[in-house]
Each structure stands twice: as structure tokens, then as C-alpha cells.
1. Considering each of L236, L219, L249 in turn, give the residue that is in contact (Cβ under 8 Å) with a residue 40 or more places away in the chain, crowded, with 16+ Cβ neighbours inside 10 Å and part of a helix (DSSP H, G or I).
2. Select from the range 136-162 the residues that are assigned to a helix (DSSP H, G or I), in contact (Cβ under 8 Å) with a residue 24 or more places away in the chain and among the hydrophobic types (A, V, I, L, M, F, W, C) and list them in ascending order.
3. Residue check: is A545 open to solvent by 50 Å² or more (accessible area, probe 1.4 Å) and modelled with pLDDT under 95?
4. Which residue pairs have Cβ atoms closer than 6 Å, lie 6 or more positions apart in sequence or on different chains, and pair a first residue in the range 350-378 that is among the β-branched types (V, I, T) with a second residue that is outside any helix (DSSP H, G or I) and open to solvent by less than 30 Å² (accessible area, probe 1.4 Å)?
5. Just the residues that are without any contact (Cβ under 8 Å) to a residue 24 or more places away in the chain and over 26 Å from the mean Cα position of the chain (by Cα), please, taken from the range 434-472.
6. Any residue at all in the range 424-443 that's under 19 Å from L359 (Cβ atoms), open to solvent by 20 Å² or more (accessible area, probe 1.4 Å) and part of a helix (DSSP H, G or I)?
7. Which residues, taken from the range 324-354, are more than 23 Å from S293 (Cα to Cα) and touching a helix residue (DSSP H, G or I) at 6+ places or on another chain (Cβ under 7 Å)?
8. Could you pull out the residue among R385, R311, R335, R345 that is buried (at least 20 other Cβ atoms within 10 Å of the Cβ) and among the charged types (D, E, K, R)?
Amino acid sequence: MSRSLSVLRIKMLLRLVRRSFVAVRPLSTEAAMAVKSTSLGGGTSSSTSLEGGTSITTSLKGGSSTTISTSGRDTLGKRLLSLIYAKRSAVIAIRKWKEEGHPVRKYELNRIVRELRRHKRYKHALEVCEWTRVQDDIQLLPGDYAVHLDLIAKVRGMNSAEKFFEDLPDKLKAQTTCTALLHNYVQHKNTAKAEALMEKMSECGFLKCPLPYNHMLSLYISQGQLEKVPRLIQELKKNTSPDIVTYNLELAVCASQNDVEAAEKTFLELKKAKLDPDWITFSTLTNIYIKSSLQDKAKSTLREMEKRISRKVRAAYGSLLSLHTNLESKDEVLRIWKKMKSTYRKLNDAEYTCMVSSLLKLDEFGEAMNLYTEWESVSVTRDSRISNLLLAAYINKNEMEKAVDFHNRTVQKGVSPSYTTWELFTWGYLKQKEMGKVLEYFKKAVTSVSKWDPDAKMVQEMFHVVEEQGNVQVAEQLLVTLRHAKYGNTEIYNALLRTYAKAGKMPMIVAERMKKDNVKMDEETQKLITLTSKMTVTEVPSSIA
């Protein structure tokens, strides 16, 4: 198994484990420190009911939507949740409510902040917290400041969150606010500051619950620092008792190492601690068993997982679909999909993505295309991630003409191509060594993003083919595209020189270009320049900047 695949599997397991961090009460420690869960791609749909009535749907970032009641009894919560645009002020809405003679109660504000956070309306939630903080008749607890800190980090960044924490009176730098700061260090993957804060929390006696340890475990696992996990778990067990999240994180480590024995030992320990395993526990166990080809055990844990899924844990169904797919149980995949359709009024992009992906893995291309057509007829997001799945399937089958036709269809239906779309075409034509097309789509890929995240493997493969073909013109155009993307190194220039050598031609002003790009020559560069200097002189390419 490659390192990249292992890291990907760890991240997928962490996404599941993070769903175990739940808010226990309004503006509580747990609400402040809940590890942010991520969907399986695409947008999600969510709703909130406020005293019944009709509703409207508003779009959120990433193709998600939230449904908010707009009729029935007028409440402060309804007014604040209906502030769709971020520029509108939550404070003005609260003041107007008070001016109308209505009371403003803390418990109600707590509930409103919780709802705003749930719908990722962080700016308005922060405004409510800031208004609450300056009210003389509202007494705040450390847990309230913890939520305030978390919202500042989300809206204004970590520097502002740290300043907020530093300015708090010492009596408010309690376990809850410290854990909120720790949570944000973990989210920003700042290991050094997180470890330093854990040390201070230990000195202050703030490590009497598993939550801070769970955050650190999540950080170490996501960063691949698995060697730090055993010591941290040992320290956790010395100071407090592990909870279900702790054990799920331990199982995630076992999954990353394909250690069935350790996983079963951890599960037994969980049972002895008289904790109830949740769907994530059994999902992780199933994944471990599947990777170890223990299909009977995998089927057993998968049944246990399904027993623990309710309508409220919608994300669990995606995991259920994927695991049945990995077991190559097409009938079970179709059964779960049918169950999802009967459970929810409307399925979201993430769920369609998961099902289309499952059908493709099961080699059911026709059914996947039918499902895509169904999604196309109901979708309002036109998320390219779903169409890219079908596009990749065509390209993997070397059916480039069909891939182009399908892409044209998606564009006509309103799907905007993404970086991944152009990347897929680049790899597809690279496979066929059609370098003119490769260059065309690679340019589109690089220019479709504000900052290109270099794909060294792709660049290496492109230059390998142009060098093999001795295609000087494409090599030069490729170099120009990379330079515009602010990406260049010695190996790229050496590949260019090798291409010229293959073509029997002399490149022009290579040394000057390398100096301009701040790229150093190595021994191979010098030899190639000497070699090509004896070849036929070429014109300076017009594309050279």
C-alpha cells in the first residue's frame, strides 16, 4: 500500500471519528470544542424548525442549503436566523426586538447561537456573543467565552482568537476556554502551540477529562505522528477515563496500521469500560476487517453498525454505502440507497456522489449514468464533483471522445468545470501521448485556480513524453505555462535540455532563463548545455518571456 493511500484512509477515518464530538448543552465546553466534521464531498442540506409554519431555502457556501421557518409565531430566533446576508447586523435585530418590548433571555440566545453555528453562520453568531458580553444583566460563564473564542477564530483568524484569550481575566482562563483555544490550534494543525498549551493545562490541573487528549490524538493521527499516540493515551488513562471518541481514535490508528489484533483488543477494552460502541466504532472495525480480507467479521460488524444508525445521523449512510461497496455487495448497496430515499425527502450532493462512486466501483457504469441523469434533473447546485466521477470513468476506459461528449453535455446543463475536470483531461491525453491536447488542458487546469498546487508527478510525466518525442515546441510552451504558475526547478530545465538533445537542436538563452527564475544549474545541466551547444541553432521561441 502506498503512503498516499494510507494517509487518505487515515483522513477518511478521522472524518468519521470527528462526528463523535457532539455538543452536549448550549454554549458548553463540548459545543465550543466540537471537532469540525466534514461531508463526503459536495453540499449538504439541513433545516431548522422554529415553531412550525412554512419555510424558505437559502443557499450556503459549498452547495449546501438551510431551511428556515418564516411563518407562525414571531420570535427573536426566527428573526436572527432569517438574516441571510452576512452584512446584515444581528445586533440591530436584537435591539429592535428589545425596543418592541420583548425580553431577551440568555437561554434563548444560547439556543440561537447554537443554531447559527450549526448552519455555519459564524459572523451572526459572533455578533450575538459580542452583544451578550456587554449586557450588565446577563452573567456569562467560562463556557460562553469558550464559544466566543471559537467564533472569533472562525471569523477573524487565530491571531485575534489568541489576543481574545490573552485579554481574558485569569479566572476565565479556565478548562473550557483553554480547551477552545487548543481545539483551534488542532484545527490549524499547529502542533507546537497545541503541545505547549497542553503542558500549561497540565500544570493548571485542566486535564481531568478526555476531550483535550482527544483533540491531540486527532492532531497526531492526521499529521501521521503515530509514534506519539501510545504515550498520550497512557497519560490520558492516568489522569482520566477514555470515552467513546478516545477508543474510536485508537481504532483509527489500528486501521491505518492494518492491525486486527490491536483493534480487537481496543474494542474489548471499550466493552470492559462499559461504554456503548457507536456506528463509527463498527464502521472503523468493518474497514479493518475488509482490508484484512476477513469478510465474515466485516459483515457482522456492518450489521451492528446499521443497527446504530438513525435518521439523525445522516452522514452514516455514506459510510454504510462505501463499506458494502468494498464488500462487493451490490444488493446491499441498492437496499441502503432505497432506504435512504425512503428516509429523506431529498438526497443531497454528497449522497449522490457516494452512490455514483459505489456503482462505478461495482462496474455498473450504466446504472451510474442513470443515477447521474436523475441527479441532473433535481440538482440546483450543479456540483462538478459528481460529473467528474463519470468523466474519470470514461477516461479510465480510454474513451476520450465519449469523455469530451459527456463534458460538453454537463457544460450545457450548467455544470462549471473545475480544476479536477481539466486535470482529468490532462491525464487522459497524456496517457495517449497527445501532447497538443495535454498542453491545452494543462493550461486550463493551471489557470482555473488562483494558486496552483504543483503536481510534480504530472509535470515529470509530461516532460518524459515530450523528451521521448523530442517535441521542442511543446516542451517550451509547457515551460512557459509552469513559469507563469511560478513553478520551476533544475529538473524541469534539465528535461527541456534533454528534449533539445533528443531533437538534435540547440536551445537559446537557457542559462539566462534559469537565472531569472532563480533556478540553479547542476552537473547534468552543464553537460547538457555543452552537448546541445554543438547542435543546430534554433530560433528563440516567441513564447519566452
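1. L249
2. Those that are assigned to a helix (DSSP H, G or I), in contact (Cβ under 8 Å) with a residue 24 or more places away in the chain and among the hydrophobic types (A, V, I, L, M, F, W, C): A146, V147, L149, L151, I152, A153, V155, M158.
3. It is true that A545 is open to solvent by 50 Å² or more (accessible area, probe 1.4 Å) and modelled with pLDDT under 95.
4. Once the first residue is among the β-branched types (V, I, T) and sits in the range 350-378, its partners that are outside any helix (DSSP H, G or I) and open to solvent by less than 30 Å² (accessible area, probe 1.4 Å) give T353/G41; T353/G42.
5. Across the range 434-472, the qualifying residues are E434, K437, E440.
6. yes
7. Scanning the range 324-354 gives W337, M340, L347, D349, A350, E351, Y352, T353.
8. R385
The values are calculated or read from the model by the stated rules, or taken from the named source; none is laboratory data. In this text, all values refer to a predicted model and were calculated from it rather than measured experimentally. Cβ coordinates were reconstructed from backbone atoms using ideal geometry, including for glycine residues, and neighbour counts include every protein chain displayed. For accessibility, only protein heavy atoms count, side chains too; no ligands or nucleic acids. Shrake-Rupley method; radii C 1.70, N 1.55, O 1.52, S 1.80 Å.
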